[in-house]
Structures are given as C-alpha cells and as structure tokens.
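Where a number appears in this text, it was derived from the coordinates with a stated rule and is not lab data. These figures come from a predicted structure and were not determined experimentally. Cβ atoms come from the backbone with ideal geometry, glycine included; neighbour counts cover every protein chain shown.
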Amino acid sequence: MINVLIVEDDYRIAGIHQQLLERIEGITVVGQALRAKEAWEFLEKMPVDLIVLDIYMPDQLGTELIREVKYKYPSTDFIMITAARERELVASSMAAGAFHYLVKPIELCKLKAVIEQYMKRREMILNGEIEDQSSIDLLFGRPDFQKTESIDLPKGVNPLTLEKVQQICAYLPEGMTAEEVGEQLGASRTTARRYLEYLVSKGELRAELEYGIVGRPERKYFSL
C-alpha cells in the first residue's frame, strides 16, 4: 500500500484529488495539507511514500519543498499537480526529483496511468532484480526505449537522437519551432524539423502554423 499526502492550498481541489486517488487500487490517502508547514507536520507524525504537490503554496514554492523534504526524507517521492505551465518550473521540478508533472485539471485515466507507472517503478526498486538494460530503462522512466530501437525508422532518423527529441518535446504547451528544438538538441533546424515531422506523423506531436506580424508563417510543434 502506498501512503499518499496531498499538499494543495485549495481544499476543494484537494478533495477532488483525494476522491480520484482513492479510486486507484493500492493507494491510501493519509491526509491533506493546505500549506508546506502542515506537510512537515504530517511527515513528522506518519510515514509518507508519495506527496502529490502543487507548485504555488502560500508559504513556500513547491519545488523548494521537494528539495527540503528529499534532504530529510530521501525515500519520499513527488508527483506535481499544478496549473503552472512555465517551462522553468517544469525543469525545476524534474531537477528536484519529481516523478511526474501533471497540469490541472487532471483526468482519472491520466492520473491512474502515472500512479501505476510510479508503483511499478517503486516495486522494482524495493523488490525487483536488475536483469538487463531494459530494467534500468524502466527505473529511469524510459519504458519505450527498447520499443524505439526495435521499430523500423525512416532513413535519416536515428533512434538515440529521436529519443532526445522526444524528451525535449515531452511538455510543450506553448509550442516550439524547429529552430528552438534544434538549439536544445545541438543540431540544425533542418535536422530538428525532420524528427519533429516524424513525431507528428506518428501522432506524438501536433503542428500548427503561427502567423507573425511580418514574414512567412512559422510552424510550431506542441505536445499532445
């Protein structure tokens, strides 16, 4: 059984999240905290395996709370559920050690899939055996790595580069151009666009034309 603490400053949203979580087998919600200070009070009284956390709390930023809790309780895990969409906050959450980042409003099917992925990884860490590279890929959140290597890719699409592009494009609510992706990838705009168009063709991304004030329309890519 996974003990979950909800840290959310809106008690109504916290209640909704608790209702969703309690519908997932293997989850026990041990409490709700409206502030970071209350979260610490829970942690000092009872074991908590997973904290479902908002970014914007009245007394502390969620990403700061992750780092402090991880220092004292390193085995405690985090899943962010927040309205914050800023790229730097997503990156900070990942760097601090969050398992996943979900944008409000969430649906049960999405939350259930993330929780089940988390539980699977936790079980492997606690009781599983590291048999091969695929086992390690699962622990590091790359369940599709072997699948990516095994499929027939078109000419000019390298599986390792494709995986890097998929990581860059995992969260793009505001979209990115091929040139912006190329800068992060360390490749040309043409190379980046080849991979982006491939992901569009596979249904992993969507593309839209964005019309600026001057010049030709620019093609931007969005995560689904």
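Search the structure for amide H atoms under 5 Å from the amide H of GLY31, placed 1.01 Å from N in the peptide plane, and list their residues when 5 or more places away or on another chain.
Here the answer is ILE6, since their amide H atoms fall under 5 Å of that of GLY31.
Taking DSSP loops as anything outside H, G, I, E and B, show the longest stretch in the chain free of chymotrypsin sites (Phe, Trp or Tyr not before Pro) there with at most 13 other beta carbons within 10 Å.
Of all site-free stretches, the longest is 1-139.
Apply the Karplus curve 6.51 cos²θ - 1.76 cosθ + 1.60, θ = phi - 60°, to the phi angles in segment 114-120 and return the couplings in whole Hz, x for Gly and Pro.
Result, ordered by residue: 5, 5, 5, 5, 4, 5, 5 Hz.
What is the fewest-to-most order of LYS202, LYS120 by other Cβ atoms lying within 10 Å of their Cβ? All intermediate terms of the calculation are to be shown ahead of the outcome.
Working: LYS202 10, LYS120 14.
By the 10 Å Cβ count, ascending: LYS202, LYS120.
Under 27 Å Cα-Cα from LYS72, which lysines qualify once same-chain neighbours fewer than 8 residues away are excluded?
Cα-Cα hits under 27 Å: LYS37, LYS45, LYS120.
Quick one: if the Förster radius is 41 Å, what FRET efficiency do GLU204 and TYR71 give, using the C-beta to C-beta distance and rounding to 0.05? Walk me through the numbers before you get to the answer.
Details: r = 36 Å, r/R0 = 0.88.
So, using R0 = 41 Å, E works out to roughly 0.70.
In terms of modelled amide H atoms, which long-range or inter-chain residues lie less than 5 Å from the amide H of GLY175?
SER223
Quick check on the chain: helices-only [θ] at 222 nm, where DSSP H runs of length 4 and up contribute -39,500 (n - 2.57) each and the sum goes over total residues. Nearest 500, please. Please list the in-between numbers first.
Working: 10 runs with 106 residues, N = 224.
It comes out at -14000 deg cm²/dmol, rounded to the nearest 500.
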